[in-house]
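The values are calculated or read from the model by the stated rules, or taken from the named source; none is laboratory data. Everything numeric in this text was worked out from a predicted model, so none of it was measured. As a convention, Cβ positions derive from the backbone with ideal geometry for all residues, glycine included, and neighbour counts pool all protein chains shown.
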Amino acid sequence: MMNGKFISIEGVEGAGKSTQISFIHDYLVEKGKTVVMTREPGGTELSEKIRELLLTPSELAMGVDTELLLMFAARAEHIKQLIAPALARGDWVLCDRFVDATFAYQGGGRGVDQQRIQQLADWTLKDLLPTLTLLFDLPVELGLKRVVERNEAIDRFEQEKVTFFEQIRASYLESALQNPERIKVVDASVSIPEIQQQLTKLLSPLL
C-alpha cells in the first residue's frame with residue numbers, strides 16, 4: 001500500500017534526536033528523495049494541540065489512561081492526514097517518535113500493560129509500521145545531563161524521576177531485541193561525526 005519509506009527516530013531524553021534528524025533529512029535529500037519531516041505527538045494542526053496538552057506542565061494531574069488515549073488520538077489524526085498520504089505519494093516520511101515511544105513511555109515508564117497498548121496500536125495503525133526505526137541509545141544520566149545543559153523549558157515528561165527513564169530505556173532496548181530487522185540501535189553517547197557514520201551505514205540499504 002505504501003510506495004515511500006517510513007523512518008522513525010526514537011530514544012530517551014537528551015539522546016540528540018533533533019540534531020540527527022536534520023542530518024538524516026539532508027542526507028536523504030542529497031540522495032534524491034522527497035522527505036516529509038514530522039513528529040509525535042503532533043504533525044498536524046489538531047495533533048499539535050493534543051501535543052500541547054500532553055507536554056505542557058500543569059498542576060492538574062493527568063491519568064495514565066487519559067495520556068495513553070490522547071497519544072493514540074493524536075497518532076490516528078497524524079496517520080490519516082499526513083503520514084499515509086505522503087507514503088502513498090512515494091515520499092519518504094521521517095518522524096521524530098512513533099508507536100515504539102508509546103510502548104516505551106506509557107508501557108515501560110507508566111506501567112501500562114503492553115497488550116492494552118497493542119490493542120490500540122492494531123486499531124489505529126492498521127498494520128502501518130516504520131520501514132526502519134533508529135533507536136538513539138545512551139545512559140539515562142548522560143541524557144538528562146544534556147537536557148539540563150540545553151537550558152530550555154522542561155516539559156511534563158522531562159520532570160519525571162530517573163527511574164522513569166531507566167524503565168523507558170529498558171523497554172526500548174527490549175523492543176529492539178524483539179524486532180531486530182526493523183529497530184536498529186544507534187550509540188548516541190559518542191561524538192556527532194561517529195553518530196552520523198552509524199546513521200549512513202544503517203540508511204544506505206534503503207536507498
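Which one is surrounded by the fewest Cβ atoms within 10 Å (Cβ to Cβ) among residues in the range 147-172 that are within 18 Å of the chain's Cα centre (by Cα) and within 16 Å of K17 (Cβ to Cβ)? For the range 147-172, the residue satisfying everything is D155.
Condition test on D100, is it in a helix (DSSP H, G or I), charged (D, E, K, R) and touching a residue at least 40 places away in the same chain (Cβ under 8 Å)?
Values: in a helix (DSSP H, G or I): yes; charged (D, E, K, R): yes; touching a residue at least 40 places away in the same chain (Cβ under 8 Å): yes.
Criteria met by D100.
Of the set (1) out of contact with any strand residue (DSSP E or B) (no Cβ under 6 Å at 6 or more places or on another chain); (2) surrounded by 14 or more Cβ atoms within 10 Å (Cβ to Cβ); (3) of a type outside the set (S, T, N, Q), all apply to L135 but (1).
Only one of the numbered conditions (1) loosely packed, with under 15 Cβ neighbours inside 10 Å; (2) touching a Pro at 6+ places or on another chain (Cβ under 8 Å); (3) modelled with pLDDT of 95 or more is not met by R182, and that is (1). Contact annotation: residue pairs with Cβ atoms under 6 Å, 6 or more positions apart or on different chains, pairing a residue in the range 20-31 that is touching a residue at least 60 places away in the same chain (Cβ under 8 Å) with a partner that is among the aromatic types (F, W, Y) and surrounded by 13 or more Cβ atoms within 10 Å (Cβ to Cβ), are L28/W92.
If you go through the range 194-207 and keep only what is closer than 21 Å to L144 by Cα and surrounded by fewer than 16 Cβ atoms within 10 Å (Cβ to Cβ), you end up with just E194.
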